[in-house]
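Since the structure comes first, as C-alpha cells, the remarks are kept for the end.
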Amino acid sequence: MTAWFRPAGSTARDGFELAVSPGEQDWHHTGLYVATLQPGQSVEFDTGDSEFLVLPLSGSAEVMVDGETLPLGGRADVFAGPTDFAYVPRGTTVAVVSAGGARIAFPHAKAASDYPFRRIGVEQVETELRGAGVASRQVRNFGTPAVLEADSIIACEVLTPAGNWSSYPPHKHDEHKPGKESELEEIYYFELQLSDDAPESVKGNDPIGYQRVYGTEDRPIDVLAEVRSGDLVLVPHGWHGPAMAPPGYDMYYLNVMAGPGTEREWLIRDDPQHGWVRELWNTQPIDPRLPFGEDR
C-alpha cells in the first residue's frame with residue numbers, strides 16, 4: 001500500500017469495508033464509503049459537511065431520510081447495467097436497508113450548498129461509448145453535471161473490455177484554467193470480472209488490472225498499482241491513465257471527483273506526449289463488445 005493506493009480492506013472502519021473521506025492528509029474534497037449489507041441489515045450515518053450519493057453496486061435497497069423512504073431498484077452487479085441512485089444533502093442522518101442483501105457505494109464530496117433528498121431514476125443515466133479500437137470504453141454518466149444537479153460532486157462509472165486501455169490518453173485536471181482545465185481530486189474504485197471467453201477451468205481466478213498516475217515536473221507523484229476488486233486509487237493531482245484491463249479480465253471503475261472551484265465542471269488536459277492518439281480513433285471502430293449488460 002502507498003499513500004494513494006488503498007487495497008481492499010485497508011481502509012475498513014465503522015461498518016464500512018472501504019472508507020475514505022475529505023480531511024485526510026493531503027486529501028481535501030472527495031470521499032467514498034462501501035458497505036456490504038446482509039439481508040435485512042442496515043447502515044446509518046450522518047453526512048456532516050458533505051453531499052452524498054447512494055449507489056447500489058449489487059442488490060437493491062431503501063434509503064431513509066427524515067421519515068421519507070426511497071426505493072432503489074439496484075442491479076445484479078456493476079457489469080449487468082446501470083442503476084437508480086439517491087442524492088442526500090449535508091447535515092443529514094441517512095439510513096440504508098436492504099431486504100435481500102446488497103453492496104452499496106456512497107460517493108461524497110464537501111459541499112457549500114444543499115439540494116433536496118431525491119431518487120434519480122435509472123432512465124436518467126446517460127451512457128456513452130468513448131474512444132475506439134483498444135481504447136474503447138463505456139461511460140455511465142450518472143453523476144455528471146449534465147445529469148445530476150448538485151453542489152460539487154461529479155461521478156461516473158466506466159467499463160472497459162478485457163485487453164483495452166481506459167482513461168487514455170493520460171490526462172489531468174489539477175489546475176484552474178477557465179474554459180480549459182478544472183481543479184479536481186479524483187477517486188478510482190475498481191471491480192473486475194473474468195471475460196465471457198474465459199474457460200471454466202479458471203472461474204476461480206482473481207482478476208487483475210493496472211492503474212497509472214504520474215506527476216508533472218513541479219508536482220511529482222508516481223503510482224503504478226496492480227488492482228483487484230475492492231481496491232482504490234486516489235489521484236490528488238497529476239496525469240492519470242491508462243487504466244489497463246489485461247486480456248481475460250473486464251474492468252469497472254467508479255470515479256468520484258470534486259475540487260475547490262466555484263464552477264462544477266469537468267475539464268481535462270491531455271498529456272501532450274500522448275494526446276495525438278485521439279486522432280487514431282477517427283479511423284477505428286468502437287469495440288463491438290460494448291456496451292455491457294442492459295445498456296445494450
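The values are calculated or read from the model by the stated rules, or taken from the named source; none is laboratory data. Just so you know, these numbers come straight off a predicted model, no measurement behind them. Cβ coordinates were reconstructed from backbone atoms using ideal geometry, including for glycine residues, and neighbour counts include every protein chain displayed. These area figures cover heavy atoms from the full protein model, side chains too; ligands, DNA and RNA do not enter into them. Shrake-Rupley method; radii C 1.70, N 1.55, O 1.52, S 1.80 Å.
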Do any residues in the range 62-76 that are of a type in the set (Gly, Ala, Ser) have Cβ atoms under 6 Å from those of residues that are surrounded by 12 or more Cβ atoms within 10 Å (Cβ to Cβ), where the two are at least six apart or on different chains, and which pairs are they?
Gly73/Ser60; Gly73/Asp84; Gly74/Pro56; Gly74/Gly59; Gly74/Ser60; Gly74/Thr83
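Going through the range 202-220 one residue at a time, which ones are touching a strand residue (DSSP E or B) at 6+ places or on another chain (Cβ under 9 Å) and open to solvent by 20 Å² or more (accessible area, probe 1.4 Å)?
At the first step, the residues of the range 202-220 found to be touching a strand residue (DSSP E or B) at 6+ places or on another chain (Cβ under 9 Å) are 202-203, 205-216, 220.
Across the range 202-220, the qualifying residues are Val202, Lys203, Asn205, Asp206, Ile208, Tyr210, Arg212, Tyr214, Gly215, Thr216, Pro220.
Confirm whether Ser195 is over 15 Å from Asp295 (Cβ atoms), among the polar types (S, T, N, Q) and surrounded by fewer than 16 Cβ atoms within 10 Å (Cβ to Cβ).
Details: over 15 Å from Asp295 (Cβ atoms): yes; among the polar types (S, T, N, Q): yes; surrounded by fewer than 16 Cβ atoms within 10 Å (Cβ to Cβ): no.
No; evaluated as a whole, the condition is false for this residue.
May I ask you to list the residues in the range 13-29 that are open to solvent by 50 Å² or more (accessible area, probe 1.4 Å) and within 26 Å of Ser60 (Cα to Cα)? Full working, then the answer.
Let us first name the residues in the range 13-29 that are open to solvent by 50 Å² or more (accessible area, probe 1.4 Å), namely 13-15, 17, 23-26, 28.
Listed by number, the residues that qualify are Arg13, Asp14, Gly15, Glu17.
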All but one of (1) closer than 23 Å to Arg75 by Cα; (2) over 16 Å from the mean Cα position of the chain (by Cα); (3) open to solvent by less than 20 Å² (accessible area, probe 1.4 Å); (4) not acidic (Asp, Glu) hold for Pro170; which doesn't?
(1)
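Matching residues to (1) open to solvent by less than 10 Å² (accessible area, probe 1.4 Å); (2) at pLDDT below 95; (3) in a loop (DSSP other than H, G, I, E, B):
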| site | (1), (2), (3) |
| --- | --- |
| Thr2 | no, yes, yes |
| Thr11 | no, no, yes |
| Gly31 | yes, no, no |
| Phe45 | no, no, no |
| Met64 | no, no, no |
| Leu72 | yes, no, no |
| Phe79 | no, no, yes |
| Ala86 | yes, no, no |
The residue that is modelled with the highest pLDDT, considering only those in the range 185-223 that are farther than 14 Å from Ala245 by Cβ and among the polar types (S, T, N, Q), is Ser201
Cβ pairs under 7 Å, 6+ apart, first in the range 1-26 and more than 24 Å from Leu224 (Cβ to Cβ), second in a strand (DSSP E or B) and of a type in the set (S, T, N, Q)
Glu17/Thr36; Pro22/Thr30; Pro22/Ser50
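Yes/no matrix, rows are residues, columns are (1) in contact with a Phe, Trp or Tyr (Cβ under 9 Å, 6 or more places away or on another chain); (2) without any contact (Cβ under 8 Å) to a residue 60 or more places away in the chain:
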position	(1), (2)
Asn141	no, yes
Ser195	yes, yes
Leu224	yes, yes
Leu232	yes, no
